[in-house]
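What follows is a single structure, written as structure tokens, with notes after it.
Computed from the coordinates by the stated procedures, all read-outs in this text should not be read as laboratory data. The structure displayed is predicted, hence computed values, not measured ones. Cβ placement follows ideal geometry from the backbone for every residue including glycine, while neighbour counts extend to all protein chains displayed.
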Amino acid sequence: MKRTHSNLSAEDFTTSSIIRFGGLDDYIEEKMMVDYFIIEGNLGISRGVRMYLLNQIRRLKEVKQIKILDAGCAIGALTSLLVMQELARAGLLHKTKLILLDVSERVIHKTQMRNFQFPSNLVNSLLKFKIYEKLRHSKGLVASCEDIPLKDNSIDISLAGFLFQHLHDKTKKKAAEELQRVTKPGGFIGVAESWFEDHSDYLKIHEHDEIPLAHEAPISYRRLRQNFKNTEIFEANSPIRRGTENEHFYYFCGMKKAA
Ligand SMILES: C[S@@+](CC[C@H](N)C(=O)[O-])C[C@H]1O[C@@H](n2cnc3c(N)ncnc32)[C@H](O)[C@@H]1O
């Protein structure tokens, strides 16, 4: 049944991304082929983590466990894979605990079962089995990022790769608050997004989809950053103009401010 935008609830906008992304068997492969900006944004986050680890290495060597939260992980949790590679380089992977959060149970299940193609052109194959162990023992949370079932100040590294563009505008502020709430003061927060100034062409391609795109969802760098007032940004790109005139991606990385 074809529905018009006016019939859609906030829930429809949220779940549309499950159908579009959580439902794809070959999510990582598809990203490599058509969505290279997703790779670039995630590489931006992993560079931010590298800088953070350099700065925090002495403290982190002393802690018992480093907890990563990947909010909106999607199949294969690419953001986490790249970040775990950085933790391995810093000699910290063994004490890392991964938490995968997604509204789609299937996404989490496939990731924990390592049911995806390992992106060995991005992550060193020698790390594959150590990373697989982390995925196998990860904690899966089937939940929405607007209401994260974790304690305040409990996470060392919070990641949100290309998540906000799938949230209805009304829920973005709450999701940003939740990410900052669960992150420890001084902990790392990394966000990457794509943003189309004019996404009418993209909408046209998808106009006959059963559930239309959350077309109001893309958010500019400036507006999204405003929702991260408790985060001291130390690494970011300026929105990049790509092949087509209206296509952008951006990322920013910061530390949660002390209370
Ligand atoms: C584009 S994918 C993100 C992929 C991955 N983080 C990356 O950067 O490669 C968006 C993911 O967010 C999930 N998602 C959508 N709405 C969500 C919500 N409200 N809370 C948590 N996850 C959500 C979708 O199911 C999907 O797996």
Let me know the charge dipole size of segment 148-187 about its Cα centre in debye, to the nearest 20, where only the beta-carbon of Lys, Arg (+1) and Asp, Glu (-1) is charged. 120
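Excluding L127 itself, calculate the net charge of residues whose Cβ lies under 12 Å from the Cβ of L127, where each Lys or Arg counts +1 and each Asp or Glu counts -1.
+2
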Arrange the peptides 143-153, 158-168 so that the one whose residues have, on average, the most other Cβ atoms within 10 Å appears first. 158-168, 143-153
Candidate lysines for bridging to K64, where Cα separation is under 27 Å - those fewer than 8 sequence places away on the same chain excluded: K95, K97, K128, K130, K134, K139, K151, K184, K256, K257
Through the Karplus equation 6.51 cos²θ - 1.76 cosθ + 1.60, θ set to phi - 60°, convert the phi angles of segment 80-95 into ³J(HN,Hα) values in whole Hz; use x for Gly and Pro. 5, 4, 5, 6, 5, 4, 5, 5, 5, 4, 8, x, 10, 5, 4, 9
Search the structure for amide H atoms under 5 Å from the amide H of N237, placed 1.01 Å from N in the peptide plane, and list their residues when 5 or more places away or on another chain. Y251
Around I68 (Cβ within 10 Å, Cβ-to-Cβ, excluding I68; K/R +1, D/E -1) the net charge comes to +1
What is the sum of charges around R47, taking Lys and Arg as +1, Asp and Glu as -1, for the other residues whose C-beta is under 14 Å from the C-beta of R47? -1
